[in-house]
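Structure first, then comments.
The values are calculated or read from the model by the stated rules, or taken from the named source; none is laboratory data. Note that this is a predicted model, so its numbers are computed, not measured. We place every Cβ from the backbone using ideal geometry, glycine too, and count neighbours over all the protein chains shown.
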Amino acid sequence: MNELPLSGVRVLDFGRYIAGPYCAALLAEYGADVIRIEKRGGSEDRFTTPITENGEGAGFLQMNRNKRSMTLDPMTPAGREVVRKLVQTADVVVANLPAQTLKAMGLDDDSLRAIKPDIILTTSSAFGSTGPLATRVGFDGVAQAMCGSLYMTGEPDQPYRAQINWVDFGTALHTALGTMVALMEKQRSGRGQKVEGSLLGTALSLNNAVLIEQDVIHIDRVPTGNRGQTSAPVDVFRTKDGWILCQVVGRPLFERWAKLMGDSHWLTDSRFDTDESRGIHGEIISERMSRWSAERTTDEAITALGEAKIPCGPVLTPQQALDHPQTAALGFYTPTDYPGLPRPAPVSAVPLNMTVTQGGIRHRAPTCGEHTEEVLKELGYDAAHISMLRDQKAI
């Protein structure tokens, strides 16, 4: 394998849960030496959705592949000294922690830059560093609620939160991009910088088109369940043995759909001239497709729609998603063992194919503190000093 492009880059990952750790995982995928630094005994995100004998969680195995782990308490004097030595060897510090916590731990921009002027600090918070909510904490669902997305998901009398943490992952993707740009700038000019993201900023950005429409024409949309509002048919439909999703956008697709339904006369009906008008009359179109779907099995409906080149897919359970042949064909899941797992876990690599610098899962997520002594020895600590740090509860 060619040397990965981030080989030689060291990242200190003080992140928790998703936004910080997944950002660091993306960097590790392409060769960065990422050291996850967590509490003695393990940080709280290690144990969310437990699946191992010791209680490590499914998300932890995903977020922390390709990383090394050391335990450290930066609030102790000895721990603060270890942080200083670590930062001197690092290129990037990732920490999705509140600003006041960063400062208390000596991980704020000023403190880090006093140690290493060209350091890159990649951080994210719930609401950003300015404004009336800057000091508040929050999770993915809070940002979903405050960007207009949660309101538009579900029925008029019952909003629904998305089960996938798209705000967290979106923030990780944005901050990983910002970190890569910062590394390029550091290579060009020698300057480090702070890369700052926020959950609310991500959510507002990904929901931007909806907010633009509202601001410009004050349409005041209300939720319509699974049915789309700006084209049709866009909906989830029951079949004889399950559910399918169909998504028709644009005149050419609508023409193929109408012919498949046997309703070519709809192509001259003014109610269905444009995506917008089809969205307005979406209930009529969804009702027609519901009758068509109810007469077919899921496989029959998907086959007919696929042959007509109409975007569609079956609504799969998590197990069905794992078992689907297209999932296997993409090849992004790597069976990855971990101490205490009953079977190797299907951990997803970055879902990209690259012809020269393909990343991948080189090793499993680390056990708690698995590499503490290894990292400390790299910093020049001997066995006696490491033992003293343990006695002082710094590691």
Margin query: I'm checking my understanding of the structure. Among residues of region 112-132 that are over 23 Å from the mean Cα position of the chain (by Cα) and either in contact (Cβ under 8 Å) with a residue 40 or more places away in the chain or not assigned by TED's automatic domain parsing to the domain that holds residue 167 (or both), which one is surrounded by the most Cβ atoms within 10 Å (Cβ to Cβ)?
Written below: 119
Next item on the list: Sort out for me the helices (runs of 4 or more DSSP H) sitting completely within region 1-95 that have 3 or more residues that are of a type in the set (D, E, K, R).
Entry: 77-89
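Only one residue in 200, 245 is in contact with a helix residue (DSSP H, G or I) (Cβ under 8 Å, 6 or more places away or on another chain) and at pLDDT 95 or above. Which one? Steps first, please.
Values: 245 fails: in contact with a helix residue (DSSP H, G or I) (Cβ under 8 Å, 6 or more places away or on another chain).
Of 200, 245, the one residue that is in contact with a helix residue (DSSP H, G or I) (Cβ under 8 Å, 6 or more places away or on another chain) and at pLDDT 95 or above is 200.
Tally the residues that are outside any helix (DSSP H, G or I) and either of a type in the set (Asp, Glu) or assigned by TED's automatic domain parsing to the domain that holds residue 158 (or both), restricting the search to region 208-229. Talk me through it step by step, then tell me what you get.
If we filter region 208-229 for residues that are outside any helix (DSSP H, G or I), which is where we start, we get 218-229.
From what's left, either of a type in the set (Asp, Glu) or assigned by TED's automatic domain parsing to the domain that holds residue 158 (or both): 220.
Qualifying residue count for the region: 1.
Of the residues that make up region 95-111, is at least one more than 26 Å from residue 199 (Cα to Cα) and in contact (Cβ under 8 Å) with a residue 40 or more places away in the chain?
Residues of region 95-111 that are more than 26 Å from residue 199 (Cα to Cα), as a first pass: none.
Within region 95-111, none of the residues are more than 26 Å from residue 199 (Cα to Cα) and in contact (Cβ under 8 Å) with a residue 40 or more places away in the chain.
For residue 222, indicate whether it is touching a strand residue (DSSP E or B) at 6+ places or on another chain (Cβ under 9 Å), closer than 26 Å to residue 162 by Cβ and touching a residue at least 60 places away in the same chain (Cβ under 8 Å).
No: the conditions fail for residue 222.
Would you confirm, using the coordinates I've provided, whether residue 144 is over 23 Å from residue 84 (Cα atoms) and either over 19 Å from the mean Cα position of the chain (by Cα) or in a loop (DSSP other than H, G, I, E, B) (or both)? So that I can check it myself, show each step before the final result.
On the way: over 23 Å from residue 84 (Cα atoms): yes; either over 19 Å from the mean Cα position of the chain (by Cα) or in a loop (DSSP other than H, G, I, E, B) (or both): no.
It is false that residue 144 is over 23 Å from residue 84 (Cα atoms) and either over 19 Å from the mean Cα position of the chain (by Cα) or in a loop (DSSP other than H, G, I, E, B) (or both).
Could you tell me how many of the residues in region 311-349 are outside any helix (DSSP H, G or I), touching a residue at least 24 places away in the same chain (Cβ under 8 Å) and in contact with a Pro (Cβ under 9 Å, 6 or more places away or on another chain)? Break it down stepwise before answering.
Taking region 311-349 first, the residues outside any helix (DSSP H, G or I) are 311-317, 324, 331-349.
Checking the rest, the ones that are also touching a residue at least 24 places away in the same chain (Cβ under 8 Å) come to 311-315, 334, 336-341, 345-349.
Narrowing the set further to residues that are in contact with a Pro (Cβ under 9 Å, 6 or more places away or on another chain) leaves 334, 336-338, 345-347.
Final tally of qualifying residues: 7.
Does residue 130 qualify as being at pLDDT below 95 and β-branched (Val, Ile, Thr)? Working first, answer last.
Working: at pLDDT below 95: yes; β-branched (Val, Ile, Thr): yes.
Taking the combined requirement at face value, the residue satisfies it.
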Checklist line | Qualifying positions in region 154-192 - crowded, with 16+ Cβ neighbours inside 10 Å and touching a strand residue (DSSP E or B) at 6+ places or on another chain (Cβ under 6 Å) | finding: 171, 174, 175, 178, 179, 182, 192
